[in-house]
Amino acid sequence: MALLTGAACAAVPPSGMEWNNPAIIQVGAEAPRATFTPYPDRAAALRGGPSDRVYSLNGDWKFAWAPNPNERPLDFQGMEFDDSCWGTLPVPSNWQLHGHGIAYNINTGFGFDFSELKAPVEGNEIGSYRHRFDLPKDWDGKEVSLHFGGVGSAFYLWVNGEYVGYSQGSKTPAEFNVSSHLKAGGNLIAAQVFRWSDASLFEDQDTWRLSGIFRGVYLWAADATRIKTYEVKASLSDDFKTGLLEVDATLSGPKGKVAFELLDADDQVVARSDGSSNVFSCEIPGIKPWSAEQPYLYRLLISRLDDTGTVREVIPQNVGFRRVEIKNGRFLVNGRDVLIKGVNRPEHDPRTGQVISRELQLSDMALMKNHNINAIRTAHYPNTPLFYDLCDQYGFYVMDEANLENHGMLKDREHFRPIAEDPLWLEPQLDRVRCMVERDINHPSIVIWSVGNEFFYGPHTMAVYDWIHARDPSRPINSEPGQYRIRDGKADFASRMYMEMPELQSRLASKSEQHVPIILIEYCHAQGNSCGGLKEYWDVFYADNRAQGAFVWDWRDQGIMQPVPEKDRAAYGQDEFAAYGPYFGSPSVPVGNAANMDGLVLSSGAATPGLQALKYVQRYIHVAPVDLSKGEFAIKNWYDFSRADDKQSGSWKITCNGEVVANGELGPLDLGPREEKTVALELPAIRPEPGAVYHILFEFRAKADAIPFVEEGTVLGWDQFELPNSAEAPRKDPAAMPKLEAQLNGDALQIQAAGVALVFNKTNGKLTSYKLAGKELLKAGPQPDFWRALTDNDSGCGLGGWGEHKKLYASHVWKDVAASWKVDTVDIDRSDPKRVVIAVKGSLSVGAQYAMQYTVYGNGEMVVACDFESQKELPALPRFGTEWQLDESFGEIKWFGRGPWPTYADRRFEPVGRYQSTVVDNRVDYHRPQENGNKVDVKWFAVLDKKSTGLAFVGEALSVNAQAYSKAVMQKAQFPWQLKRDGRNYINVDLAQMGVGGDNSWGAIPHEEYLLKDKSYHLEYRVVPIRERSDLNTLL
C-alpha cells in the first residue's frame, strides 16, 4: 500500500496533565464541522445507508480499568504491549454499566471537591482502551479522519503507538486526521479516558455520572481535497411562499469544484448550480415550508468535482425551508406564533445508559406524537446527531442546548466567580457552543439555540451569547434563567424555569419585557405522582398573550434496570426493576436521591398518568359548550399550520350512567389553523329519568397517515360535558324497607339485613365484621383517614415532617391524627325496626371534633356519614375520607367516574364513564412507592371477588382509591419490590384529597384551590352489597 497523504505531524508528547489544564481543550483535533456522510456518487447518496467511505470501529475493544490516574497503565499504547490479560468492553458503552466503578447520580455538585476549580485525582476512574482493525484496502491514498462521537469526559489518543492528540468535552465529537499514523493492513488504536477533567466543571447536569466512549467511533476517507464542512441556509420570503436557499461549502484545498442539486420529496430536481463555485444561492417559488406539523423536506446533493468534472464524492443533506424570528414579543415560525408543547429529554437508556439507539429515539418520538408533543429541549447538552435527523424528518421543534452547566457552584457565587469572569475560562465555554453550532447548524428542526442550563452568569455568558448571535442570526437564543440576561440584552426569551402562576402573570404584565416571548424551559416537574395544575398554565398559554408554551421536566425516568433480589421476585412478579441513586451508593461515593426519576414516561417505557394529562391539555382541537340545551358547541382548531380535517376526525356520543345511548360523526370540521366555529348538533330527544346522568363526549381521532407514528383512529383529544337532562335519583323511602334484626351480645351489636350480617363494637363504634351470604369481606371497618403515602412532591414541600421552613411542614401532623380519635360517645338507635343508627362521636389530637354515623337499612344497605369540625384554623389536610380494609380475594374493581387513568383534584381530565380494573393493576409502578391510582368524580365504586359479589360505595363526586398495600408499607419502601402484601386490599372512600401539585418537587405546594383548608367537612356515602353483576346497574 502506498503511504497515506496529508496528515499532520505527530503531536507533541502529552504532559499527562492536560485533563486539569483549562488552557488546553483539544490537541491535534480537527475544527468542528457539520454532520454528514460522504458517498462515492449520486446514486449511492440517493440510496443512503452505509457508505464505503465510512468504516465503523464499534464493537468489543480491549479494556482495563483503574480507580485513579496514579494506577493507570502508562505504556499500554505500544504495538507490542501484551493485553491478553485485559477484558473487553463494548464501544460504545459506559464502563460503570459493565462492572467497572460505580454508577451514581446527583442533582448538583459534580461528585468531587471542586472548590479549587480542579478535577480530583482520588476517585478519578481511568479507562484504557485498545482496538485492532484492518484498514479497507481501497482507501489507499485517501485522507482518513478518526471520529469519536462522544467520550466522557476527556481522553488521550494514540494510533499505532504514536500520540495523536487529546480532547475533552463529552457531548460533541472529537475528530483527528490520522492519515500519517495509519498503515496498510492491521492498525491499533489506543485511548485513555478520564472520568473527570476540568471539563467536568461545565457538566454538572442532573443525570447519571457515567464514563467511557459512549457514542460511535468511525473512520471516514476522502481525497486530499475534500468537503470539510458546509452550511445550508433555507429560509422564506416575507410572504412565506418563496424559498430562499444559500449554500456555502468549505473545501480542504484550493482545487476542486462543488455542484449543488436540490430535489423535492419525489426526487424531482427543483434547483441546481453549474458547478463553478462552492457557493450557491437561489429562490424557489411555490416552496413547501417545514414545520413540526408539516415537516416537508427537500434533499440537497452536494457534489465535489475534480478538474475534469468527474464526481469524486456526494453528500446528501435534508433541507427544510422555514423562517424563525421574534416580532412584537412573539416567537414566530413561518410568520405564526406557535405554541410550544415541549418536553425536556435527557439522553438515557435504562440498560445502556448514555448509549442511545435509533430504536429508543424512534420509540420516544412515537410516544411524543401520540401525546401531542411538538417540541424537545436537548436537556442539557447536544444529543446524538441521529436525533436531529429524526426531528427534521418527523417534525419536532428543537431547542439545542450547549453542554454548559455548573449548577453546584451557584450556591457560592462569590467564590466561583472566576469561572464566569477569568479569561482563562472563556475559551472552554466558547468551545462548547462552537462545537454544538457548527455540528448542528443545518437542521431545520433546531429553532432555538440554548447557551446552557443553570450555569454561572457573567461576562463569559454574554460572550457566548454574542458569539452564537453573530454566527447564526437566523435563530433566537435562550439564556436561562433569563431575567438578568433580558436586562443585559443577552436573552431572547423570558424562560425562567418553574415560574409559578403569580410570577407568570407578573411577567406577562411587565412593561420591561414586552419585547420577549415567555417560554418556560422547565415546568411541571413530573417526579412520581405529579403534573397537577396543568390546566392553569394552559389556560394562560391558550390566551392571546406572549406566553407561548413550555417544556415539561422531564421526558423519561432515568432508572437503570437491575435484577430484583431473588427472594423478592415471586412477590414482586418481575425479574428486574428501575434502580436509582441509593441502590448504587457506597460510603465513599456521593449518591443522589430520586432526583432524576422525574419523567412522564417510566424507565420501562410505560406512559404515566401525567403524560395522559399532558396529552389532554395539549390537544389540538377544543370543544366548548355554547348552549347545551340546544346542542350548540364551539369547536376550535389549535393547529398552527394545518387544517383540522387534514389531521383528525371528530365524533360524539351520549352516555347515560356511562352506557352509550346515542352517537354520531361530526363530519367535515372545515377549520383552518386557529379558526373557530359554532356547530349545532341534531341530538336525540332525551327524557330525564330519575337517577340518570347524561354526558356528551367529543373525541378526535387521527386520520390515516396524517401524523407520523400515530395510527389511524388513535384518540388525540376529547372534551366532555354533563347534559342538563340529568335527574336526581329518588330517595329511598325508609318506610318501604324490609325489617332487619338487631341484637346486643356483650360488646357486640349484631345486625342481620337481607343476607348481610354486620357486627359493631358498641364500646368504640367500630364495624368489625361484614358478611355477605356468609362470606366475610372485612379485615377492618371504615376508619377516619387524613393521610396519604407521601408523593415526591409531598416530601419536597415538607409534608413528611422535615424542613420546618417548607410550606406544608405543619401538615405532617395529620399522619397520626386518625389513630388519635378518642371516642367519647357511641349512641345506638334501634327504635325503627327497619333501620339501626350507630352514632360515634369523639375528638382528635389536633383539637377538632370528629363523628362517624352508620345507618343500616333492612335492605342491607348502609349509609356512612363523617363530620369534621374545628374551631380554629388547622394545617391543610392531605385527605378527608375513610379507609376500608377488605379481604384480598375482593380484587376486582369497577367504577362510574373519571377514568380509566388515575385522576386527582388538580389533574382531572379523564372522561366520566364506566371502567374496570383490578386492585393490583390499579397501582402505578412509580420508581418509589407512593400515593397513586386515585379516581375523582366517582358516583359509585365496586370492589368484587371473582364471582362478582362484594361492596359498592355510592355517593356524589367521591374520591376513591384501591391499593394492595397499606400506606405505611408504601411509605417505607424505597423500591417497588420491597412492597409486601398482607392479605388485605385497602379501599379509600373520600370526600377529597389535596392535589398532587407539580409546579416543582422541592417546595411548591398544590395550587390554593386544590388544598383542603376548611374548618369543617362532611362526607356521606352508601355502602351497597353486590350479590351479582347486574346489581351494578341499579346503584343510581
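FYI, it's all coordinate maths here, none of it is from the lab. Just so we're clear, the structure is a prediction, and the values are computed from it rather than from any experiment. Note that we place each Cβ from the backbone using ideal geometry, even for glycine, and neighbour counts take in every protein chain shown.
Table for the structure above
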read-out: Diffusion coefficient, µm² s⁻¹, Stokes-Einstein with Kirkwood Rh over alpha-carbon pairs of region 619-722 at 20 °C and 1.002 mPa s; value: 149 µm²/s
read-out: Phi to ³J(HN,Hα) by Karplus 6.51 cos²θ - 1.76 cosθ + 1.60 over region 806-812, Hz, x for Gly, Pro; value: 6, 5, 10, 4, 5, 6, 5
read-out: For the chain: relative contact order, % (alpha-carbon pairs under 8 angstrom, 6 or more apart); value: 8 percent
read-out: Positive-end residue of 68, 177, 111, charge dipole of region 18-222 with Cβ unit charges; value: 177
read-out: Estimated FRET transfer efficiency when R0 is 60 angstrom, pair residue 744-residue 711 (beta carbons, to 0.05); value: 0.40
read-out: Simple spin-label estimate for residue 674 and residue 805 in nanometres, 7 Å along Cα-Cβ; value: 4.3 nm
read-out: Under 5 Å, built H, 5+ apart or other chain: amide partners of residue 556; value: 600, 601
read-out: Value of relative contact order over region 734-1034, rounded to a whole percent, pairs C-alpha under 8 Å and six or more apart; value: 20 percent
read-out: Residue 577 long-range amide H proximity, modeled H, under 5 Å; value: 562, 564
read-out: Dipole magnitude of region 18-222 about its Cα centre (Cβ charges: Lys, Arg +1; Asp, Glu -1), debye to nearest 20; value: 640 debye
read-out: Equivalent ellipsoid semi-axes, the chain, via Cα gyration tensor eigenvalues times 5, rooted, Å; value: 60, 34, 25
read-out: Fewest-first ranking of 170, 966, using other Cβ atoms within 10 Å as the exposure measure; value: 966, 170
read-out: Difference of contour (0.36 nm per residue) and Cα-Cα distance, residue 362 to residue 15; value: 120.6 nm
read-out: Principal-axis tilt of helix 426-440 within the chain, Cα atoms, nearest 10 degrees; value: 90 degrees
read-out: Spin-label pair residue 80/residue 47, simplified geometry with 7 Å Cα→Cβ offset, distance in nm; value: 4.5 nm
read-out: Extended-chain gain in nm, criterion 0.36 nm per residue less alpha-carbon gap, residue 58 and residue 662; value: 211.5 nm
read-out: Debye, to nearest 20: dipole size of region 734-1034, +1 on Lys, Arg Cβ, -1 on Asp, Glu Cβ; value: 580 debye
read-out: Nearest-20 debye value, region 619-722 charge dipole, Cβ charges on Lys, Arg, Asp, Glu; value: 120 debye
read-out: Inverse of mean 1/r across different Cα pairs in region 57-118, Kirkwood, Å; value: 14.3 Å
read-out: Full-extension gain in nm, residue 768 to residue 824, via 0.36 nm per residue minus C-alpha separation; value: 18.3 nm
read-out: Folded to 0 to 90 degrees: helix 385-394 orientation relative to the chain principal axis, Cα; value: 60 degrees
read-out: Relative contact order %, region 227-323, counting alpha carbon pairs below 8 Å whose residues are six or more apart; value: 30 percent
read-out: Backbone HN-Hα couplings from phi across region 981-993 [Karplus 6.51/-1.76/1.60, Hz, Gly and Pro as x]; value: 7, 10, x, 10, 10, 9, 10, 9, 10, 10, 6, 5, 10
read-out: 14 Å beta-carbon shell around residue 885, net charge (K/R +1, D/E -1); value: -1
read-out: Residue 624-residue 567 FRET efficiency (beta carbon distance; Förster radius 60 Å; 0.05 resolution); value: 0.60
read-out: Where labels lie 7 Å past Cα in the beta-carbon direction, separation of residue 916 and residue 327 in nm; value: 5.8 nm
read-out: Amide H contacts under 5 Å for residue 160, placed H, 5+ residues apart; value: 188, 189, 190
